[in-house]
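The structure appears right after this line, and notes come after that.
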Amino acid sequence: MKSRYGIDPRVDPEAGPDSPDRKFPDIEYETRIHDDHEKYFSDECRRLEWDRLWTKIWHIAGRTSDLQKPGDYFTYELGPESFIVVKTGDGEIKAYYNVCHHRGNRLAMDNYGNVKAFVCAFHSWSWNLDGSLRRITDRETFDEKLVCDNPGLTEVKCGVWGGFVFISMNDDVEPLMDFLGELPEVLDAYDMDNMILAADLETDWPVNWKTVLDAFMEGYHAHIRHPELLNMIDDFHFQHDLFKNGHSRMIIPMGLVSPRYPNRDKLGEEMRDLVRSFGMDEKKYENNASSVRADTPAWKREWAQKNGMDYSRFTDSQLADDWNMHIFPNITLNAHPEGVLVMRFRPHASDPERCLYDFWVLARKVSDPDYYLPTYMGVPKGADLTGNAPRPERAYGKWGEITFGPVVDQDAETVPFVQKGLHSRAFKGVRFSEQEIRLVHMYAEYDRYMKEK
Ligand code: FES
Ligand SMILES: [Fe+2]
């Protein structure tokens with residue numbers, strides 16, 4: 001189990017079978033060059049993905065925090081489709097295709113809002129929140145044969161976990177909790193149901209959704225793309241866990257200097273910032289950076305208590321490390337007790353070499369208005385996290401025109417060149433290392449979907 005540095009990558013080798021920290025059994029995958037890389041650019045693959053993957057699985061469409069009272073709704077765009085997710089008068093959450101049965105107009109145009117009914121902006125047909133037809137304008141001018149079915153909105157399956165609303169276009173999809181497998185259990189302590197949205201950004205990238213997702217599924221590139229992070233993470237000793245249904249986890253040890261660096265006790269700027277975020281005395285760690293990780297659980301517990309939060313259910317690893325989760329196929333979570341960074345990678349409606357990349361920051365609700373999140377959550381001081389403020393407006397950004405923060409900017413610079421290189425006649429296929437095992441696992445599941453007729 002020990003690496004070339006003599007380190008066991010398991011975060012808690014003593015973890016029992018009920019501990020969320022436990023190392024899940026490895027899966028033996030066939031060793032091969034993945035030479036099906038046209039899936040990153042072919043239009044045929046884009047179409048097959050729509051038929052065999054996107055229309056078959058569960059998707060995270062949005063957050064329950066946008067559905068607090070009857071009539072609250074949000075829309076979710078995926079490839080060529082759009083969906084409305086709404087809280088009905090009975091307090092139920094329902095989801096529909098966002099399309100008018102008259103001539104096909106989109107019914108709801110806004111990202112989120114509150115309505116009494118959905119009224120089409122073209123000729124004002126309208127539907128109730130429960131999806132039933134409310135009114136066909138000038139109904140007597142239609143031959144009754146055309147409208148006698150009183151078309152209701154077309155419903156899609158809907159489920160909730162962790163404050164996320166999932167939808168599926170597949171009537172025969174497995175129950176949501178079966179699909180999620182081990183994830184609810186290992187993430188239970190984070191109590192994401194009660195987190196609020198602290199940032200909401202949608203961006204447009206000139207790469208396939210998988211090209212960019214892949215970069216967030218492994219830490220192998222950190223030493224060269226994010227060298228400054230090596231002052232605060234051990235980039236070589238991640239615990240990788242492969243879950244059911246293509247989901248996975250990598251636990252990134254934080255509060256350690258990379259073993260690739262000769263002096264693991266040197267306190268770099270990034271680690272100093274981490275120490276300061278929790279009000280700790282940085283002097284104590286000046287030439288002793290290697291003890292930050294071991295001390296973090298105790299500071300965080302104390303810090304949480306000061307801020308009125310209960311951290312008693314978190315394990316030491318959950319307190320100290322970055323739990324990077326993958327929800328198959330296109331969601332990653334960087335889970336910390338203080339908040340969760342959610343990334344969602346959506347296929348473009350028609351271009352396999354573009355995608356939409358969403359960032360949400362979920363934060364724990366804290367009643368003290370002066371409370372702020374640690375720097376690495378990327379939410380500026382002053383954001384209202386009391387739960388009383390309106391949700392942040394969705395911001396938009398285009399690759400190349402905005403900054404995504406220093407770390408993601410480094411990935412952003414790289415991935416379009418990967419996208420180009422994948423087309424080369426000289427490129428024979430992808431060769432995955434053990435450090436990229438989550439990608440092997442994800443693509444095994446992806447292939448299962450893509451082979452199903
Ligand atoms: S397209 Fe919606 S009412 Fe005509
Ligand atoms: Fe990266």
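The values are calculated or read from the model by the stated rules, or taken from the named source; none is laboratory data. Quick caveat: nothing in here was measured; it's all calculated off a predicted structure. Positions of Cβ are generated from backbone atoms using ideal geometry, with glycine treated the same way; all protein chains shown enter the neighbour counts.
Okay, residues lined up against (1) surrounded by 17 or more Cβ atoms within 10 Å (Cβ to Cβ); (2) assigned to a helix (DSSP H, G or I); (3) modelled with pLDDT under 95:
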site: 296; (1), (2), (3): yes, yes, no
site: 313; (1), (2), (3): no, no, no
site: 317; (1), (2), (3): yes, yes, no
site: 351; (1), (2), (3): no, no, no
site: 381; (1), (2), (3): no, no, yes
site: 387; (1), (2), (3): no, no, yes
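Here's the yes/no breakdown for (1) more than 16 Å from ligand 1 (Cβ to nearest atom); (2) closer than 30 Å to residue 248 by Cα; (3) out of contact with any strand residue (DSSP E or B) (no Cβ under 8 Å at 6 or more places or on another chain); (4) modelled with pLDDT of 95 or more:
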{"position": "127", "(1), (2), (3), (4)": "no, no, no, yes"}
{"position": "135", "(1), (2), (3), (4)": "no, no, no, yes"}
{"position": "141", "(1), (2), (3), (4)": "no, no, yes, yes"}
{"position": "159", "(1), (2), (3), (4)": "yes, yes, no, yes"}
{"position": "162", "(1), (2), (3), (4)": "yes, yes, yes, yes"}
{"position": "165", "(1), (2), (3), (4)": "yes, yes, no, yes"}
{"position": "168", "(1), (2), (3), (4)": "yes, yes, no, yes"}
{"position": "192", "(1), (2), (3), (4)": "yes, yes, no, yes"}
{"position": "196", "(1), (2), (3), (4)": "yes, yes, no, yes"}
Self-check item: Members of the range 111-125 that are exposed (fewer than 15 other Cβ atoms within 10 Å of the Cβ) and within 15 Å of ligand 1 (Cβ to nearest atom)
Solution: 117, 121, 122, 123, 124
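Out of 143, 172, which single residue is away from ligand 2 (no atom under 16 Å from the Cβ), assigned by TED's automatic domain parsing to the domain that holds residue 89 and exposed (fewer than 11 other Cβ atoms within 10 Å of the Cβ)?
On inspection, the qualifying residue turns out to be 143.
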Exercise. Just give me the residues in the range 25-69 being assigned to a loop (DSSP other than H, G, I, E, B), under 28 Å from residue 358 (Cβ atoms) and touching a residue at least 24 places away in the same chain (Cβ under 8 Å), in sequence order.
Key: 36, 41, 42, 55, 56, 57, 58, 67, 69
Quiz item: Which residue out of 235, 273 is within 16 Å of ligand 2 (Cβ to nearest atom) and either in the same structural domain as residue 325 (by TED's automatic domain parsing) or buried (at least 17 other Cβ atoms within 10 Å of the Cβ) (or both)?
Solution: 235
Self-check item: Long-range neighbours under 7 Å by Cβ, at least six apart or interchain, first residue outside the structural domain of residue 374 (by TED's automatic domain parsing) within the range 296-316, second surrounded by fewer than 19 Cβ atoms within 10 Å (Cβ to Cβ)
Solution: none
Quiz item: With (1) closer than 25 Å to residue 51 by Cβ; (2) part of a strand (DSSP E or B); (3) not acidic (Asp, Glu) as the list, and residue 99 as the residue in question, which single condition is left unmet?
Solution: (2)
Quiz item: If we keep just the residues of the range 380-416 that are charged (D, E, K, R) and in contact with a Phe, Trp or Tyr (Cβ under 9 Å, 6 or more places away or on another chain), which is nearest to ligand 2 (Cβ to nearest atom)?
Solution: 411
Self-check item: Options 196, 167; residue that is touching a residue at least 60 places away in the same chain (Cβ under 8 Å), β-branched (Val, Ile, Thr), more than 16 Å from ligand 2 (Cβ to nearest atom) and touching a helix residue (DSSP H, G or I) at 6+ places or on another chain (Cβ under 9 Å)
Solution: 196
